[in-house]
Amino acid sequence: MKSEELQRLTASEPLTLEQEYAMQHSWREDADKCTFIVLDAEKWQAQPAATEESCMVGDVNLFLTDRGDPSLGEIEVMIAEPSCRGKGFGTEAVLMMLSYGVTRLGLTKFEAKIGEGNEPSIQMFRKLHFEQVAVSTVFQEVTLRLMMSEPERQWLLQQTSHVEEKPYRDGSLEPH
């Protein structure tokens with residue numbers, strides 16, 4: 001997150017190490033946030049001794065912060081590794097998080113707030129059937145929304161039918 005380009009694309013500010021640790025603790029403990037870490041599967045499979053950390057390329061997050069509407073989740077994605085952008089990592093990660101939100105959390109509406117200048121991200125969300133619903137000139141961001149109708153739900157489940165969910169506990173995958 002020291003990259004100025006990444007800070008601009010994600011509307012983020014640099015954090016101190018202590019702030020990073022506090023944020024990570026919050027993400028692990030808070031019931032209103034979900035995060036999936038995006039790994040480069042080819043790198044993971046090609047290097048048997050590779051660590052998860054060495055294969056990390058980004059993350060996808062889901063915020064459940066609208067207490068008045070528990071069916072709404074705000075989704076965001078970041079592919080931090082520049083060499084991995086434009087290769088479908090973000091699309092696949094968002095599809096998996098949408099599927100998780102629908103099947104595990106009962107969500108039926110999703111929003112994405114994206115910086116006006118982040119055209120690749122805006123196009124990716126549009127490709128995933130999100131529609132623009134607002135533009136904030138103050139925050140210089142666009143809000144896109146996806147309403148999960150039954151046809152949209154079926155489309156989403158078809159797109160993610162190859163995904164296998166595995167439990168993740170104490171830093172290691174448990175075998176099935």
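The values are calculated or read from the model by the stated rules, or taken from the named source; none is laboratory data. Since we're looking at a predicted model, the values are computed, not measured. We place every Cβ from the backbone using ideal geometry, glycine too, and count neighbours over all the protein chains shown. Just so you know, the surface numbers come from the protein's heavy atoms only, side chains and all, with ligands and any DNA or RNA stripped out. Shrake-Rupley method; radii C 1.70, N 1.55, O 1.52, S 1.80 Å.
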- When you look at residue 73, is it without any contact (Cβ under 8 Å) to a residue 12 or more places away in the chain and either of a type in the set (Gly, Ala, Ser) or under 15 Å from residue 118 (Cβ atoms) (or both), yes or no? no
- Filter segment 118-135 for residues that are open to solvent by less than 100 Å² (accessible area, probe 1.4 Å) and assigned to a strand (DSSP E or B); the one that is nearest to residue 156 (Cα to Cα) is 132
- Test residue 92 against the stated conditions and say whether it is open to solvent by less than 70 Å² (accessible area, probe 1.4 Å), free of Cβ contacts under 8 Å to residues at least 60 places away in the same chain and farther than 21 Å from residue 29 by Cα. no
- Task: Could you list all residues from segment 29-55 that are under 18 Å from the mean Cα position of the chain (by Cα), surrounded by fewer than 17 Cβ atoms within 10 Å (Cβ to Cβ) and aliphatic (A, V, I, L, M)?
- Result: 31, 37, 41
- Query: Failed condition for residue 83, given (1) over 28 Å from residue 150 (Cβ atoms); (2) open to solvent by less than 60 Å² (accessible area, probe 1.4 Å), with all others met?
  - Reply: (2)
- Item | Residue tally, condition open to solvent by less than 80 Å² (accessible area, probe 1.4 Å), in a strand (DSSP E or B) and either touching a helix residue (DSSP H, G or I) at 6+ places or on another chain (Cβ under 8 Å) or at pLDDT 90 or above (or both), over segment 136-176 | 6
- Query: Regarding residue 104, is this residue of a type outside the set (A, V, I, L, M) and part of a helix (DSSP H, G or I)?
  - Reply: yes
